[in-house]
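See below for the structure under consideration.
The values are calculated or read from the model by the stated rules, or taken from the named source; none is laboratory data. Model, not experiment: these values are computed from the prediction. For neighbour counting, all protein chains shown are included, and Cβ atoms are generated from backbone atoms with ideal geometry for every residue, glycine included.
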Amino acid sequence: MPLVLGMLWVRAARRVAPRVDRRHALQAHARGTRPPGATLPRARADGGLASRRAPGALLSRGTCRTRTDARRCPPSRWTRSNTLVALWVGGVLLSVPWWQLNIEPSVPRGLYHLHAVRPPLTTGMLVVLPVPARVQRWHTAWAPLLKPIAAVAGEQVCVEDGGLRIGGESYGKVYTEAGGERLPHLTGCLTVGEGEVFVASKNDRSLDSRYFGPVKIADLTARAVPVLGWR
């Protein structure tokens with residue numbers, strides 16, 4: 001799954017540090033400290049350099065080859081280039097058209113696999129739709145909405161006493177303003193028309209059809225199936 005692969009890639013990238021080839025380390029040692037007639041330091045079984053160090057002294061990055069050495073290695077650095085590469089890879093993985101990551105509370109947070117919209121559409125089915133123009137002031141247009149279908153053609157929905165009810169069930173409050181501005185919303189009752197669906201979540205903070213009305217099936221871009229979720 002793209003999200004899991006991206007997370008594993010970032011985790012691995014943060015732990016990887018540049019290693020110095022043993023041959024180069026030997027050459028550098030010979031140039032800098034080997035007195036005339038002295039032999040090069042013997043190679044340890046783990047591929048590092050055997051040399052005298054003060055107890056607890058940090059090792060060079062090129063000699064950090066065993067679990068014991070790792071305790072005395074200098075910490076690896078997470079550079080700006082690492083961050084840029086990680087963001088680029090993550091963006092590519094998450095921007096593929098058949099996946100969507102949801103972080104909004106109106107439906108369970110997690111990763112969703114997207115499929116083509118095919119009839120019949122039933123209540124409870126999760127669908128993806130563009131943000132209607134009338135509510136783009138409260139939600140960015142480039143992030144599509146992921147909502148459950150609450151009513152299909154022929155079913156009635158009502159806004160009564162400040163709340164949304166569908167088929168005798170409460171879907172929470174209907175707000176009349178947000179951010180100090182008047183929020184468009186439904187009033188009274190309506191019957192969902194042919195070729196339309198009414199999307200709504202029982203989370204009353206959801207930006208859904210209670211504010212922008214029924215949605216044409218032709219405007220739905222995908223059907224979503226949960227793959228990986230979290231709270």
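Quick notes on this one:
- Residues of the range 174-199 classified as more than 12 Å from Cys158 (Cα to Cα) and either in contact (Cβ under 8 Å) with a residue 40 or more places away in the chain or outside any loop (DSSP other than H, G, I, E, B) (or both), total: 13
- Residue match in the range 126-147 (condition: of a type in the set (S, T, N, Q) and modelled with pLDDT of 95 or more): no
- In the range 200-213, the residues that are touching a helix residue (DSSP H, G or I) at 6+ places or on another chain (Cβ under 9 Å) and either more than 21 Å from Val128 (Cα to Cα) or assigned to a loop (DSSP other than H, G, I, E, B) (or both): Ala200, Asp204, Leu207, Gly213
- Residue match in the range 135-145 (condition: over 24 Å from Leu228 (Cβ atoms), in contact (Cβ under 8 Å) with a residue 12 or more places away in the chain and aliphatic (A, V, I, L, M)): yes
Rundown of residues vs (1) within 23 Å of the chain's Cα centre (by Cα); (2) buried (at least 18 other Cβ atoms within 10 Å of the Cβ); (3) farther than 18 Å from Pro148 by Cβ, yes/no style:
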residue	(1), (2), (3)
Gly163	no, no, no
Ile166	no, yes, no
Tyr171	no, yes, no
Val174	no, yes, no
Leu186	no, yes, no
Phe198	no, yes, no
Lys216	no, no, no
Arg223	yes, yes, no
Pro226	yes, no, no
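- Taken over the range 130-148, the criterion of being closer than 18 Å to His185 by Cα and hydrophobic (A, V, I, L, M, F, W, C) is satisfied by Val131, Ala133, Val135, Trp138, Leu145.
- Single unsatisfied condition, Leu146 versus (1) under 22 Å from Glu196 (Cα atoms); (2) part of a loop (DSSP other than H, G, I, E, B): (2)
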